[in-house]
Each structure stands twice: as C-alpha cells, then as structure tokens.
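Below is one structure; the comments refer to it alone.
The values are calculated or read from the model by the stated rules, or taken from the named source; none is laboratory data. Predicted model, so just to flag it, every value in this text is computed and none were measured. Cβ sites come from the backbone with ideal geometry, for glycine too, and all protein chains shown count toward neighbours.
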C-alpha cells in the first residue's frame with residue numbers, strides 16, 4: 001500500500017494538467033475520472049483517495065490553509081516559505097503545523113486565490129492585493145496579499161487577514177479592561193458632543209474595533225456613512241451605510257477609490273462621515289467634509305504614538321496636494337480628539353492615551369495628552385472637559 005506522501009508526483013501533475021484543460025469546474029466525479037485515466041486504472045482505492053484529497057486542497061478554498069482560516073481565534077495567516085506557515089491567534093505569531101510540498105505549490109495557491117479575487121498574479125504582475133469573499137470564517141471574507149519570486153527572495157509569500165466585523169460595544173471593551181469606567185464615560189461624552197476624532201495605533205492594535213464601538217453609542221436618529229478600503233466596520237447602530245472601495249479588475253479598469261467614495265458620501269445626507277482607514281489622499285476630502293458642517297466624523301490612521309500623527313497626516317495630505325500649512329489649518333478646524341490604542345506583549349488591546357489638538361504659536365497643530373493609561377489625567381484634560389461641555393450645551 002502506497003503512503004500518501006509517496007504518491008508519484010508526475011501522476012499528480014498529469015491529473016492537474018488534465019483538469020486544467022477541462023473547461024468544466026472540477027467536481028469530485030471529474031477529478032476521480034481524471035485520476036483513473038492518468039493512472040491507467042490500476043491505482044488502488046487508498047492511493048486514489050490520497051490523490052483526491054491532495055487535489056481537493058488545491059482546487060477549493062484556501063487549500064491547506066483553510067483549517068487555519070476557519071479557526072475563530074485566527075486573525076492572520078502568513079506563508080513565508082513552503083515549510084514556514086505562521087498564524088496569529090491574538091498573542092503574536094506562532095508556527096502552524098502545516099506546510100506545502102514545494103514553492104510551486106505555494107505559487108499555485110497564490111495565483112488561484114488572486115484569480116478568485118478578480119486579480120492577476122504572474123511574472124508580469126508579481127504582487128496582488130485583493131479580497132476573497134466566502135473564504136474562511138470571517139463574515140467579510142479574507143484580505144489577500146501575495147508576492148512572487150524573485151521579488152520575494154525566499155519564495156512565494158502569502159498574507160491572509162480574516163476580516164471579521166468589529167462588533168464589541170464600548171461596554172464590552174470596558175469589561176475586557178481596554179479602559180477604566182470613567183474613561184468609558186468620557187468617550188461616550190465625546191461622541192454625544194459630536195467631537196470629530198481619530199483612532200490611531202499600529203497594525204492589529206484594535207483601531208477598527210475601537211472605532212466601531214464608539215460609533216455604536218451614536219444617537220439612533222443619526223445617519224452614519226462609513227467608507228472603507230476593505231469592509232471591516234460593523235457598528236451596532238440602526239442607520240449605517242457602508243461604502244467599500246474597489247480595485248481595478250484584471251484589465252486594469254473599474255477602480256473606485258476611497259477618495260471617490262468620500263465625495264459620494266457628501267451627497268448622501270450624512271450626519272457623520274467615517275473613513276475606516278485614512279491611508280492616502282482621501283484625508284483631504286475627509287478634512288474638507290468635517291469643515292463643512294459634518295461634525296462628529298471619525299477615522300483611523302496608522303501611527304505608533306500621538307506625536308507621530310501630525311507628521312503622518314502631513315505626508316497623506318501631500319498626496320492630495322495639501323501643503324504643510326494648509327494641512328495644519330484644516331486639521332485644527334476639523335478634528336478635536338485623538339485616541340491612541342495599543343496592543344501589548346500579552347496580545348491584549350487597550351486604550352493607551354487620549355489627546356487634544358491644539359494650535360501652536362507657529363500655526364501648527366500639536367496633540368497634547370489629556371489622559372494616559374499609565375499616568376492618568378494629562379495637561380489637556382481640563383481643555384477636553386471644557387470642549388465636551390461647550391459642545392454638549394450647544395446641542
């Protein structure tokens with residue numbers, strides 16, 4: 001009896017090539033017939049099942065990565081080499097007990113997933129970024145990124161992020177220890193006062209989760225328009241309109257950018273405009289929107305501290321044609337509060353700091369700390385309380 005790992009590789013390749021020539025979708029009967037034909041009909045039942053299992057992993061879902069993507073604790077699956085598959089289950093990266101036969105198998109999976117996402121991945125286009133609906137356990141699918149050699153020196157690299165709705169409410173985050181009770185009340189007051197805010201932090205720090213929780217305490221009569229590059233926001237609110245950007249198709253047409261959607265959102269009678277992640281020129285349109293009567297808007301930005309935020313926004317504003325002085329002028333009028341979230345070494349996500357935007361004597365914006373998880377109230381706490389009180393009194 002031949003063990004699965006000893007199956008002739010040329011047989012598997014011949015079956016694969018036969019199926020590739022068949023215009024029909026490879027159902028189990030078609031695959032079995034192809035295996036019988038290529039083996040001359042002499043393959044035993046055990047070996048036949050082994051070949052079927054191997055081919056099934058290549059033609060369905062995410063192949064050998066599928067079990068990891070269906071684990072509700074897994075947020076990321078990373079392939080850096082055929083024998084190096086990593087996953088993140090909330091406590092940092094850990095090695096997964098699966099692998100691929102060789103780099104060709106990794107490349108085949110990457111190319112097939114790219115095709116499923118409506119993208120092209122080959123030597124002429126050696127990287128891909130797309131979304132895979134219906135893959136894994138995430139309600140919003142899986143975000144795909146892949147890079148082929150020789151750009152990826154060690155072999156084909158695949159990065160998969162499970163897009164699950166960021167659904168915990170503010171109360172649930174408080175119970176998890178993300179922030180103390182009095183700060184939870186302060187956050188609710190910031191939202192009720194319709195102060196515009198940004199949630200900043202590093203990758204995987206919980207920016208989207210915090211933003212969704214804050215939107216959940218918005219008044220039920222308000223209309224929220226959420227614009228995202230990849231669908232992740234799912235606030236618990238009765239009136240949310242979600243717009244999701246679209247990349248160009250294989251022919252290079254059909255792209256709809258976040259910036260396009262922010263402009264469309266302005267025409268949809270929004271009470272609040274939210275950008276799931278500000279990562280490009282759309283920062284110009286968001287700041288413009290917040291300066292034209294749309295109070296209470298929000299967004300997330302990649303930044304590892306409050307001090308990094310102005311420089312980060314300057315770089316994004318430059319992409320949209322805003323110089324430094326114009327960016328700071330718009331920012332000072334548009335945004336009042338910045339929330340910094342952080343993921344600790346234990347994997348827990350917490351609110352690390354709250355800052356208030358203030359103008360300097362040189363017409364620049366700086367972010368002054370109002371509260372930190374380590375030190376408590378900061379120098380800008382009185383200013384934040386006064387701002388919340390004044391805006392609440394105006395409502």
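Can we say residue 346 is touching a residue at least 60 places away in the same chain (Cβ under 8 Å), surrounded by fewer than 20 Cβ atoms within 10 Å (Cβ to Cβ), closer than 27 Å to residue 394 by Cβ and out of contact with any strand residue (DSSP E or B) (no Cβ under 7 Å at 6 or more places or on another chain)? It is false that residue 346 is touching a residue at least 60 places away in the same chain (Cβ under 8 Å), surrounded by fewer than 20 Cβ atoms within 10 Å (Cβ to Cβ), closer than 27 Å to residue 394 by Cβ and out of contact with any strand residue (DSSP E or B) (no Cβ under 7 Å at 6 or more places or on another chain).
When the residues of segment 360-395 are filtered to those that are under 13 Å from residue 306 (Cβ atoms) and free of Cβ contacts under 8 Å to residues at least 40 places away in the same chain, which remaining residue is farthest from the chain's Cα centre (by Cα)? Filtering segment 360-395 for residues that are under 13 Å from residue 306 (Cβ atoms) and free of Cβ contacts under 8 Å to residues at least 40 places away in the same chain, the one farthest from the chain's Cα centre (by Cα) comes out as 379. Taken together, 256, 284, 217 contain a single residue that is under 27 Å from residue 132 (Cβ atoms) and outside the structural domain of residue 145 (by TED's automatic domain parsing), which is 256.
Could we say that residue 285 is in contact (Cβ under 8 Å) with a residue 60 or more places away in the chain and more than 28 Å from residue 120 (Cα to Cα) here? No, not satisfied. Residue 263 meets all of the listed conditions (1) more than 23 Å from residue 340 (Cα to Cα); (2) in a strand (DSSP E or B) but one, namely (2). Only helices (runs of 4 or more DSSP H) whose full extent lies in segment 98-212 are considered here, and the ones with at least 1 residues that are closer than 30 Å to residue 391 by Cβ are 170-175, 181-192. Just one of the listed residues (316, 331, 357, 327) is under 21 Å from the mean Cα position of the chain (by Cα) and modelled with pLDDT of 90 or more, and it is 316.
A single entry from 233, 215, 144, 163 fulfils the requirement of being touching a residue at least 24 places away in the same chain (Cβ under 8 Å), over 30 Å from residue 114 (Cα atoms) and either in contact with a helix residue (DSSP H, G or I) (Cβ under 9 Å, 6 or more places away or on another chain) or buried (at least 20 other Cβ atoms within 10 Å of the Cβ) (or both): 215. In segment 320-337, is there at least one residue being touching a residue at least 40 places away in the same chain (Cβ under 8 Å) and under 30 Å from residue 92 (Cα atoms)? Within segment 320-337 (the criterion being touching a residue at least 40 places away in the same chain (Cβ under 8 Å) and under 30 Å from residue 92 (Cα atoms)), the answer is yes, since at least one residue qualifies.
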